[in-house]
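Step one of this worksheet: look at the structure below.
The values are calculated or read from the model by the stated rules, or taken from the named source; none is laboratory data. These numbers were taken from a predicted model, which means no experiment stands behind them. Every residue, glycine as well, gets a Cβ built from its backbone with ideal geometry; the counts of neighbours run over all protein chains shown. The protein model used for the area step is the full one, side chains on, heavy atoms only, and it has no ligands, DNA or RNA in it. Shrake-Rupley method; radii C 1.70, N 1.55, O 1.52, S 1.80 Å.
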Amino acid sequence: MSLFQALIMALLQGATELFPVSSLGHAVVLPSLLHWSYDLHDPTFLPFLVMLHMGTSVALLIFFWQDWLALGKGAFGAFGHRIQLESLHILWLICLATVPAVIVGGLFEHWLRSVFGSASSAALFLFLNGVLLLVVEKLRNRVVCKDVRYLASLTSRDALFIGFFQCFAFFPGLSRSGATICGGLLRGLHHDAAARFSFLMAQPVIIAATVREAFKMRHTPIDPAQMHIALLAAVVSGVTALASTAFLMRYFRKHDSWAMSPFAWYCMVVGGTAFLIFHFAR
């Protein structure tokens, strides 16, 4: 992988991991469209992938450190009994929401990505990701109760519901953040609260994925030159993810009634165009 390719992939990872447009879908579709020669499944690509995930994870930790600190202090009773119960409840919801992805990922992730990991499949699922965002946005505006729900008001059933939506991300082209935000919207959260819960959920998921990938590469020979590129890419990915998170949290607060629609149309146009190119222009 060249330095230019690595930086482009880092920018994509940092932005699309948190934007509801599927980082994995872009990572599969873009290299195929540009005829880049490296193999995403090659063992030598693993260190690069680990570093990208690490950059994203650090960015999330930096942005939400006050949330995690408040939840930790609250759980230990620093703000009184009521806040302690509320903090413990939110931490329980975050843990519970990750369970479906852990189970489904452990059983079916390899099979799903081997069957649907082609560029053509990723483009189709990217289009379907846009359809999902658009349908949920319209459904939420028409059906879901307009009473404001806060994270602490979610139940265990709500957390599992959102967690099942996270499993959509095992299909390359379907966005993890987009799916979990959709799940939160359908449980009555506003966009900013749904996004906050989605990003808090992402922290343990990305850390777990990074640790798992790092464990896989324990016997992989690492080229120092490629490792230097991976370190630079991790920084670029982290900075981009930090900026993306800041933008999205403000954006969702200001555009609650239609926030997902631009991302939906983007996914439908890009995914649909890429799918047609793969099938008819080659």
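Of 223, 158, which has the most accessible area with a 1.4 Å probe, and how do the rest follow in descending order?
Values: 223 80, 158 5 Å².
Putting 223, 158 in descending order of accessible area: 223, 158.
Hey, what's the stretch 130-217 come to in accessible area per residue, 1.4 Å probe, Å²? The partial results should precede the final answer.
Working: 3500 Å² over 88 residues.
Per-residue accessible area for the stretch 130-217 comes out at 40 Å².
For the charge dipole of the stretch 30-135, defined by +1 on Lys and Arg C-beta atoms and -1 on Asp and Glu C-beta atoms about the Cα centroid, which residue among 105, 35, 61 has the Cα displaced farthest towards the positive pole?
The residue sitting most towards the positive pole is 61.
If you count only protein heavy atoms and use a 1.4 Å probe, how large is the accessible surface of residue 275, to the nearest 10 Å²?
60 Å²
Determine the dipole magnitude for the stretch 150-234: charges of +1 sit on the beta-carbon of Lys and Arg, -1 on that of Asp and Glu, nothing else is charged, the reference point is the Cα centre, and the result goes in debye to the nearest 20. Don't jump to the answer; show the numbers that get you there.
Numbers: 7 positive and 4 negative charges, 38 e Å.
The calculation lands at about 180 debye.
For a quick check, take a GNM of the chain with Cα springs below 10 Å and name the residue from 37, 120, 23 with the largest mean-square fluctuation.
Answer for the Gaussian network model of the chain: 37.
About the Cα centre of the chain, how large is the charge dipole given +1 on each Lys and Arg Cβ and -1 on each Asp and Glu Cβ? Please answer in debye to the nearest 20. Kindly include the intermediate steps, with their values, before the conclusion.
Numbers: 19 positive and 13 negative charges, 130 e Å.
With only Lys, Arg, Asp and Glu charged at Cβ, the dipole is about 620 debye.
Which far-off residues, 5 or more places away or on another chain, put their amide H under 5 Å from the one on residue 149, with H placed in the peptide plane?
For residue 149, the qualifying residues are 190.
Hey, of [x] 31, 23, 16; [y] 29, 28, 17; [z] 28, 23, 20, which did the structure itself give for semi-axes √(5λ) of the Cα gyration tensor in Å when calculated?
Label of the calculated value: [x].
Taking the dipole about the Cα centre of the stretch 149-282, with the C-beta of Lys and Arg at +1 and of Asp and Glu at -1, give me whichever of 151, 210, 226 is farthest to the positive side.
Highest projection toward the positive end goes to 151.
Taking 8 Å as the Cα distance limit and 6 or more residues as the minimum spacing, I'd like the relative contact order of the chain as a percentage. Write down the numbers at each step before the final one.
Details: 430 pairs, mean separation 104.5, N = 282.
Over the chain, the number comes to 37 percent.
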